[in-house]
Amino acid sequence: MKRILIPFLSIACLVLIWNGYSQHADSKTDLFHYKHSYVGDNSAVANIVKELAHHQELHQIALETKQTPYGIHLTYKDIETEQVEQEIKETVLFNATYLFVLVYNVDRITFTFPDYKYTVTRDQLEQWYGQNLSTIKQESDVKKLLQHHLKSETKINQFFAD
């Protein structure tokens, strides 16, 4: 019975998490209004981030604009969930994808949580997707890309293993 229950619960959790992302994405104002924004545009970056996953736990945004490579550093408070590490990994991939699609010159994004810290580069994420993110022109294409890649916990964990 446990052999069936554990995989079933894992799949159910992933479906619920994805459903939450999908519902959140549907409630967004037109994020593609910010397509081709620059890291130095504080208001554009802030407006994008406030529409992304777990924006309510966001504590601070820091923009790294003095020299290349340009970056964004997002600091979050605790995320309340049973599978904290997996939820954080999915949030990192989800939010990084949108930021790399929308912010033209961002090269790296650092996500800091109370117990976890991840830095994702544009090159890493584009290699993982097998696609140049700056060429995406519609939000529906971002959603399809995320849906395809975030459905597998194994694939998500492989990204963070590299």
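The values are calculated or read from the model by the stated rules, or taken from the named source; none is laboratory data. Computed from a prediction, not measured in an experiment: that's the story for all the values here. The protein model used for the area step is the full one, side chains on, heavy atoms only, and it has no ligands, DNA or RNA in it. Shrake-Rupley method; radii C 1.70, N 1.55, O 1.52, S 1.80 Å.
For this structure, a couple of remarks:
- Accessible surface of segment 82-124 [probe 1.4 Å, protein heavy atoms]: carbon and sulfur percent: 41
- Solvent accessible area, Å² - residue 110, 1.4 Å probe, full protein context: 10
- Taking each of 89/137; 89/151; 117/155; 77/137 in turn, the alpha-carbon distance tops 23 angstrom for 89/137; 77/137.
- Each residue of segment 45-56 is assigned a 3J(HN,Hα), and the resulting list reads 4, 4, 5, 5, 4, 6, 9, 8, 4, 6, 4, 5 Hz, derived from the Karplus form 6.51 cos²θ - 1.76 cosθ + 1.60 (θ = phi - 60°), x at Gly and Pro.
- Amide H contacts under 5 Å for residue 37: 104, restricted to partners 5 or more places along the chain or on a different chain, H placed in the peptide plane at 1.01 Å from N.
- In order through segment 88-96: 3J(HN,Hα) via Karplus (6.51 cos²θ - 1.76 cosθ + 1.60), integer Hz, x for Gly, Pro: 5, 4, 5, 5, 4, 5, 4, 5, 4
- Solvent exposure of segment 121-162, expressed per residue, is 60 Å² of accessible area, with all protein chains present and a 1.4 angstrom probe.
- Excluding same-chain neighbours fewer than eight residues apart, the aspartates and glutamates reachable from residue 143 by a Cα-Cα span under 18 Å are 26, 30, 51, 87, 90, 126, 153.
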